[in-house]
1. According to a simple spin-label model (label point 7 Å from Cα along Cα-to-Cβ), what is the distance in nm between Leu73 and Gln41?
2. With Kirkwood's inverse mean 1/r over C-alpha pairs for Rh, give me the Rg to Rh ratio of the range 1-106, two decimals please.
3. Given the convex hull over the Cα atoms of the range 49-128, what projected area results after averaging over all orientations, in nm²?
4. Rounded to the nearest 10 degrees, what's the angle between the helix 96-121 long axis and the longest principal axis of the chain, both from Cα atoms, 0 to 90?
5. Please report the equivalent ellipsoid semi-axes of the range 17-64, computed as sqrt(5 x eigenvalue) of the Cα gyration tensor, largest first, in whole Å.
6. Measure nothing fancy, just the Cα-based angle from helix 47-67's long axis to the longest principal axis of the chain, in degrees from 0 to 90, nearest 10.
7. Please give the helix 14-29 orientation as an angle from the longest Cα principal axis of the chain, in degrees from 0 to 90, rounded to the nearest 10.
8. Given the -39500 (n - 2.57) contribution per DSSP H run of 4+ residues, what per-residue ellipticity at 222 nm results for the chain, rounded to the nearest 500 deg cm²/dmol?
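Laboratory data are not the source of any read-out in this text; all were calculated from the coordinates shown. A quick note: this is a predicted structure, and the numbers were derived from the prediction, not measured. In this analysis, Cβ positions are derived from the backbone assuming ideal geometry, glycine residues included, and neighbour counts consider all displayed protein chains.
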Amino acid sequence: RGYLLPRLGARTGAMPAAAFMGALWAAWHVPAFFTPGLPHQSLPIPMLPFLVVIACFGVLLALIFNESQASVLPTMLAHLSLNVTLAIGGVSLSSVVFWRTMAALYVALALAALIRLRIRTAGQPLPA
């Protein structure tokens with residue numbers, strides 16, 4: 001994120017870069033579904049909806065990265081807070097309702113992040 005996002009953003013703009021990074025981060029998580037011993041294999045939702053949640057969270061992380069003047073520390077803390085919340089949050093990870101709620105929440109947050117990135121960069125020409 002600290003290397004690719006600024007370079008991609010300079011070439012394509014903040015919104016496309018955030019969307020691409022979200023998709024790339026989701027793809028990064030695909031092997032976890034095929035690695036024995038990882039919790040992804042026992043999730044109550046199929047892989048694709050989970051990856052949508054991950055991609056949307058990745059877009060949110062891109063906004064956090066951009067808003068923090070390209071610091072990776074806030075994005076690391078956001079990721080850590082999600083993982084800790086999932087680990088000790090008191091919600092069963094086998095709950096379909098939980099995952100549907102997470103999906104709706106992160107899709108909404110990703111849309112808000114994309115809108116924020118669009119507003120923030122409106123009128124700024126893309127570098128040549």
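1. 3.9
2. Numbers: Rg = 14.4 Å, Rh = 14.6 Å.
Ratio value, two decimals: 0.99.
3. Details: hull surface 25.0 nm².
Over every viewing direction, the Cα hull of the range 49-128 projects on average to 6.3 nm².
4. Helix 96-121 and the main axis of the chain meet at about 0 degrees.
5. Details: eigenvalues 92, 20, 13 Å².
Equivalent ellipsoid semi-axes, largest first: 21, 10, 8 Å.
6. Roughly 40 degrees between the two axes.
7. 30
8. Values: 5 runs with 89 residues, N = 128.
So the helix-based figure for the chain works out to -23500 deg cm²/dmol.
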